[in-house]
Amino acid sequence: MKIYGLIGYPLTHSFSPAYFNNKFSKEEIQARYELYPLKHLKEVMTLLDENPEIKGLNVTIPYKEQIISCLDELKGAAAEIQAVNTISIKRNSSLYITGYNTDVVGFEASLFSFLREKQKVKALVLGTGGASKSVQYVLQKNHVSYRTVSRTVKKNTLTYQDLDEAVISNTLLIINTTPMGMSPHENNFPDIPYHALSPKHYCYDLVYNPEKTLFLSKAQEQGASIKNGLEMLEIQAEASWRIWNMAPE
């Protein structure tokens with residue numbers, strides 16, 4: 001039986017096993033999807049060596065960028081943004097691992113079903129990790145002006161201390177790419193001046209568990225439109241499945 005799975009650490013929040021295993025059951029696919037919580041990146045190659053049934057993996061925090069050192073090739077958006085969330089594994093005479101980024105596909109489709117006037121907004125991207133790179137790629141592609149926000153001082157990046165009422169009032173799209181608020185840390189939230197939000201704002205959180213994070217709840221209290229990352233995850237999951245089932249080139 002073919003095996004697919006998710007690597008990262010920790011993995012208590014993942015929707016992927018239920019999504020894929022339900023898909024396999026409904027479509028009568030002889031496969032299963034497993035979680036592989038790996039404390040260290042070096043465990044990846046051991047996992048693949050000891051489990052030849054694994055044909056593809058999704059990649060999440062904290063390995064979306066680190067995993068590149070284990071790969072033979074990057075394709076598409078993954079090569080441009082240097083962040084990977086899907087890998088295909090081919091075993092012929094030797095192991096060959098290719099990295100892709102389906103977060104880009106998922107985020108783009110999900111965001112623009114939510115955002116009505118993409119050309120008229122400026123964006124703040126909270127976070128600068130692998131997920132943030134995918135979000136920035138989509139915004140650039142669609143000519144949406146944005147600034148990134150980090151907890152630490154970085155070149156061309158705002159800090160949370162820079163986010164005053166004027167910045168928030170003039171930036172109508174705010175995207176949280178950090179794990180703040182993710183289960184089991186539901187009481188955490190990005191430190192922004194929520195009182196400056198309005199019904200003109202769109203607040204998008206890549207976190208999907210819980211369904212409504214404190215970031216989204218606080219934004220909704222100010223009248224902002226809100227959306228979580230579940231639809232993005234569903235779209236990127238199907239994109240991953242297509243990659244894993246591509247015919248050999």
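Please give me the summed charge of the neighbours of Ala239: other residues whose Cβ is under 14 Å from its Cβ, Lys and Arg +1, Asp and Glu -1.
Working: positive: Lys23, Lys75, Arg242; negative: Asp103, Glu108, Glu231, Glu234, Glu238.
So the surrounding residues net to -2.
Nearest 5 is fine: what % of DSSP beta bridges in region 2-101 come out antiparallel, could you say? Walk me through the numbers on the way to the answer.
Values: 9 of 23 bridges.
Of the beta bridges lying entirely in region 2-101, close to 40 percent run antiparallel.
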Cα centre as origin, Lys/Arg/Asp/Glu Cβ charges: region 2-101 dipole, Debye | 160 debye
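Counting other beta carbons within 10 Å of each Cβ, put Met182, Met232, Met1, Met45 in order, fewest first.
Details: Met182 20, Met232 25, Met1 8, Met45 12.
Listed from fewest to most nearby Cβ atoms, that is Met1, Met45, Met182, Met232.
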Among all lysine pairs in region 2-101 that are eight or more places apart or on different chains, how many have alpha carbons less than 29 angstrom apart?
-> 29
What ³J(HN,Hα) values, in whole Hz, does the Karplus curve 6.51 cos²θ - 1.76 cosθ + 1.60 give for region 41-48 when θ = phi - 60°, with x put for Gly and Pro?
-> 4, 4, 6, 4, 5, 4, 4, 6
Karplus-derived 3J(HN,Hα), 6.51/-1.76/1.60, for each residue of region 223-235, Hz, glycine and proline x = x, 5, 6, 10, 7, 9, x, 5, 4, 4, 5, 5, 5
Whole-Hz Karplus couplings 3J(HN,Hα) for region 90-97, θ = phi - 60° and coefficients 6.51, -1.76, 1.60, Gly and Pro as x, run 10, 10, 10, 6, 8, 6, 9, 10
Using modelled amide H (1.01 Å from N, peptide plane; none on Pro or chain starts), what sits under 5 Å from the amide H of Ile54, excluding residues fewer than 5 places away?
-> Ile3
Angle between the chain longest axis and helix 103-114 axis [Cα atoms, degrees, rounded to 10] | 40 degrees
Relative contact order (%) - criterion: Cα under 8 Å, at least six apart; region: the chain | 15 percent
Place a point 7 Å from the Cα of Asp191 in the direction of its beta carbon; the residues of region 150-165 whose amide N falls under 17 Å from it are 150-154, 158-165
With labels modelled as points extended 7 Å from the Cα through the Cβ direction, what inter-label distance (nm, one decimal) is found for Lys26 paired with Gln66?
-> 3.4 nm
Longest principal axis of the chain (C-alpha) makes with the long axis of helix 130-141 (C-alpha) an angle, in degrees to the nearest 10, of 70 degrees
Tally the DSSP beta bridges in the chain and give the antiparallel ones as a percent, rounded to 5.
-> 20 percent
In nm, give the distance between the simple-model label positions of Asp164 and Tyr9, each being 7 Å from the Cα along the Cα-to-Cβ direction.
-> 4.2 nm
Restricting the count to DSSP beta bridges whose residues both fall in region 70-196, what percent are antiparallel, rounded to a multiple of 5?
-> 30 percent
Per principal axis, largest first, the Cα atoms of the chain extend in Å by 59, 38, 32
Which lysines, on any chain, are close to Lys200 with Cα under 30 Å apart, when same-chain ones fewer than 8 places away are left out?
-> Lys118, Lys120, Lys122, Lys133, Lys141, Lys154, Lys155, Lys212, Lys218, Lys227
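Which number comes out as Rg/Rh for region 71-178 once both Rg and the Kirkwood Rh are worked out on C-alpha atoms?
On the way: Rg = 16.3 Å, Rh = 15.2 Å.
So for region 71-178, dividing Rg by the Kirkwood Rh gives 1.07.
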Only Lys, Arg (+1) and Asp, Glu (-1) charged, at Cβ; the chain dipole about Cα centre in debye = 420 debye
The convex hull of the Cα atoms of region 2-101, divided by residue count, gives a volume in Å³ per residue of 102 Å³
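Throughout, read-outs are computed from the coordinates displayed, never taken from laboratory work. Fair warning: this is a prediction, and the values are worked out from it, not measured in the lab. Cβ: placed from backbone, ideal geometry, glycine included. Neighbour counts: every protein chain shown.
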